[in-house]
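*Asks:* The structure that follows is given in the form of structure tokens.
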Amino acid sequence: MRTVRSISRYPTGELSCVTFAIRRCSWTKRCYTVMNYHDLAYQGYSWVQGVRAKMTTELDQKVNAAIRDKEIKLSCSVARGVI
């Protein structure tokens, strides 16, 4: 299971993409990764209802800030493996 950090939807309300903290560093060196609807379905991801994460740690707040504001640079090595 992975914690969803952000969700984007089409104007129709359908799911567009989901943002997660990164598992492994990639060429982008960002602390998060974005997967679109088709990638999620192809890789077998599914919605788990009723599970909520608090995301109150300092690292959680930094990752969420980096997702919201592209000017904030947080290395993937800092957030690697955070679920």
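The values are calculated or read from the model by the stated rules, or taken from the named source; none is laboratory data. Everything numeric here is computed off the predicted structure, so don't read it as measured data. We place every Cβ from the backbone using ideal geometry, glycine too, and count neighbours over all the protein chains shown.
*Asks:* With the structure loaded, tell me whether Ala53 is in contact (Cβ under 8 Å) with a residue 40 or more places away in the chain, of a type in the set (A, V, I, L, M) and either touching a strand residue (DSSP E or B) at 6+ places or on another chain (Cβ under 7 Å) or surrounded by 10 or more Cβ atoms within 10 Å (Cβ to Cβ) (or both) or whether it fails that test. Give the derivation first.
*Replies:* On the way: in contact (Cβ under 8 Å) with a residue 40 or more places away in the chain: yes; of a type in the set (A, V, I, L, M): yes; either touching a strand residue (DSSP E or B) at 6+ places or on another chain (Cβ under 7 Å) or surrounded by 10 or more Cβ atoms within 10 Å (Cβ to Cβ) (or both): yes.
Answer is yes for this residue.
*Asks:* Which of (1) in contact with a strand residue (DSSP E or B) (Cβ under 7 Å, 6 or more places away or on another chain); (2) over 14 Å from Ser75 (Cα atoms); (3) modelled with pLDDT under 90 is the odd one out, the single condition Ser46 does not satisfy?
*Replies:* Just one mismatch for Ser46, condition (1).
*Asks:* Next question, about the same structure. Could you please give the count of residues in the range 1-36 that are exposed (fewer than 13 other Cβ atoms within 10 Å of the Cβ) and among the polar types (S, T, N, Q)?
*Replies:* Residues that pass the stated criteria total 4.
*Asks:* May I pose another question? Consider the range 49-83. How many of its residues are part of a helix (DSSP H, G or I), at pLDDT 80 or above and within 15 Å of Phe20 (Cα to Cα)? I'd like the intermediate steps shown before the answer.
*Replies:* Taking the range 49-83 and keeping what is part of a helix (DSSP H, G or I), we get 58-68, 76-79.
When the remaining residues are screened for being at pLDDT 80 or above, the result is 58-68, 76-77.
Still in the running and within 15 Å of Phe20 (Cα to Cα): 59-68, 76-77.
Of the residues in the range 49-83, 12 are part of a helix (DSSP H, G or I), at pLDDT 80 or above and within 15 Å of Phe20 (Cα to Cα).
*Asks:* Might you let me know whether the range 22-34 holds any residue that is at pLDDT 90 or above and either in a strand (DSSP E or B) or among the hydroxyl-bearing types (Ser, Thr, Tyr) (or both)?
*Replies:* Checked against the condition, which is being at pLDDT 90 or above and either in a strand (DSSP E or B) or among the hydroxyl-bearing types (Ser, Thr, Tyr) (or both), the range 22-34 yields at least one hit.
*Asks:* Continuing with the same structure: Which one of these does Asp39 not meet: (1) surrounded by 12 or more Cβ atoms within 10 Å (Cβ to Cβ); (2) out of contact with any strand residue (DSSP E or B) (no Cβ under 6 Å at 6 or more places or on another chain); (3) at pLDDT 90 or above; (4) not in a helix (DSSP H, G or I)?
*Replies:* Single failed check for Asp39: (4).
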